[in-house]
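The values are calculated or read from the model by the stated rules, or taken from the named source; none is laboratory data. Computed from a predicted structure; not experimentally measured. So basically every Cβ, Gly included, is an ideal-geometry build from the backbone, and we count neighbours across all protein chains shown.
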Amino acid sequence: MSEPLHHQPAVVLCEAYESLREGLETVLQGHYRVTSARRLTELPPLLETVTPSILIVDVDDQSEPYEALRRIRETCKTTPILLLSREFSLEQQLEAVQQFGNVGFVTKPFSLEPLLEKIETLIQGYSSAPIRRRIVRVAQ
């Protein structure tokens, strides 16, 4: 029996590409309460009504992604953020972690299983995430 919807973690998804956004919504709705937007500018009103367990944000085609993330951080100070993009340089990753803290990265195109593991890792925290338990189990 699945968990009641109000007990499921809330995911706020911001993805510009409609087909990818709809596909992710469909997959994630089996495990999370999902609210979505097309652009970063649509997030502030959503964040007034939803307290997310994680924000999943497409930063491709955003003119000022870090400025928008700074504004989001004012509302969601400790919420994990998973950034989606076609490319992340090491410098961009370091800058984002330094500025925003609890941030993960997934490069497009991506496989579904690693994406789901990354989401769960960010929601649960690195110390209790499923992938960590598997690694510890293998190492024992």
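Brief remarks follow.
- Test for residue 100: is it surrounded by 14 or more Cβ atoms within 10 Å (Cβ to Cβ) and modelled with pLDDT under 85: yes
- Filter result for residue 88 (at pLDDT below 90, hydrophobic (A, V, I, L, M, F, W, C) and closer than 20 Å to residue 125 by Cα): no
- Filtering 32, 17 for residues that are closer than 16 Å to residue 85 by Cα and aromatic (Phe, Trp, Tyr) leaves a single hit, 17.
- Listed by first and then second residue, the pairs linking a residue in region 23-43 that is buried (at least 20 other Cβ atoms within 10 Å of the Cβ) to a residue that is assigned to a helix (DSSP H, G or I) and of a type in the set (Lys, Arg), with Cβ atoms under 9 Å apart and 6 or more places separating them unless they lie on different chains, are 37/21; 40/71; 43/71.
- Leading residue by the ranking (nearest to the chain's Cα centre (by Cα)) among those in region 84-97 that are surrounded by 16 or more Cβ atoms within 10 Å (Cβ to Cβ) and part of a helix (DSSP H, G or I): 96
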